[in-house]
Amino acid sequence: MIKLYSPAGAERRIHGCGELLRDIQARYRVPAACLRAILYNEMTEMDLLDVAADLSVRFYWARFDLRSRLCTRGLLKDRTPVLRAGPLGKRDSSTGWAQIFSYVGINACRFAFDRGLAAPASLGLPEDRTLDPRDPEDLRAVWLRLNRDREFNLRLAAFNLLAAAEQMTGRMDFDGCSPEELRRIFTRYNADTDRVTAYGERAYANYLRYRAAEQHTDGG
């Protein structure tokens, strides 16, 4: 399958996000090297199937919007598209450079809000109610933001890493993490398992590479 980004292409794009990654590190205490490792893992694995998945989700929500307008006019009673299974019924996918599902992004936002890491207004999200991954309107709105807004995508990736850190280690502190804990955190970003996977191993290896580059730059 044709990859969307070569290793060199991924590196160029990650380097171009340097200012944003440094801001995320300062605001949320997620090391930029950790996010770079996740981005490199995800971007170098993205292929045409990811594009097809995103297009399917876009088509689903386009039908949802149309049916919502028809419901408002009294022409339909149900906003949910008739085709609910298979590619035409796909309403969520991992999207953007950090490859985040909408329901994961919503849960990551709720985690960040509950821990006082961020306020909904800082992300352009409603403050008068709680996001719900079971609510189609919330699922749609967050997916579209994740797909179109790179900064939003990366900030939610940071929240997801913090949630993974708390789940795997009992704390949101990357500074004191052991190599094994970092592997488990990277694994949890990608999969709901306690066992370190090949993904976690690759992300940790890339983290070491980015961390060494940062130390070289700081020392220079």
### Message
I need the phi-derived Karplus couplings for the stretch 38-45: 6.51 cos²θ - 1.76 cosθ + 1.60, θ = phi - 60°, integer Hz, Gly and Pro marked x.
### Response
5, 4, 5, 4, 6, 5, 6, 9
## Note on the structure
Spelling it out for residue 76: with amide H atoms placed in the peptide plane at 1.01 Å from N, the residues 5 or more places away or on another chain with amide H under 5 Å from its amide H are 71
### Query
Sequence-distant or interchain residues sharing an amide H contact under 5 Å with residue 47, placed H: which?
4
### Task
Would you rank 187, 217 by solvent-accessible area, highest first, keeping every protein chain in place and using a 1.4 Å probe?
217, 187
### Query
Whole-Hz Karplus ³J(HN,Hα) for the stretch 9-23, in order, using 6.51 cos²θ - 1.76 cosθ + 1.60 and θ = phi - 60°, x for Gly and Pro?
x, 4, 4, 4, 5, 5, 4, x, 8, x, 5, 5, 5, 5, 5
### Query
Carbon and sulfur together cover what percent of the accessible area of the chain at a 1.4 Å probe radius?
50
### Query
Amide H of residue 95: which non-local residues (sequence gap of 5 or more, or other chain) have their own amide H closer than 5 Å, using H built in the peptide plane?
100, 101
### Query
Taking Cα pairs under 8 Å and at least six residues apart, what relative contact order does the stretch 1-117 come out at, in percent?
25
#### Entry: For the stretch 50-62, 3J(HN,Hα) per residue [Karplus equation, 6.51 cos²θ - 1.76 cosθ + 1.60, θ = phi - 60°, Hz, x = Gly/Pro]
5, 5, 4, 4, 4, 5, 4, 5, 4, 5, 4, 6, 5
### Message
Below 8 Å, C-alpha to C-alpha, sequence gap of six or more: please give me the relative contact order for the stretch 102-145 in percent.
### Response
50
### Estimated [θ] at 222 nm from DSSP helical runs (n ≥ 4, -39500 (n - 2.57)) normalised by residues in the chain, nearest 500
-20500 deg cm²/dmol
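The values are calculated or read from the model by the stated rules, or taken from the named source; none is laboratory data. Quantities reported herein were computed from a predicted structural model and do not represent experimental measurements. Just the protein is used for accessible areas: all its heavy atoms, side chains included, with ligands, DNA and RNA removed. Shrake-Rupley method; radii C 1.70, N 1.55, O 1.52, S 1.80 Å.
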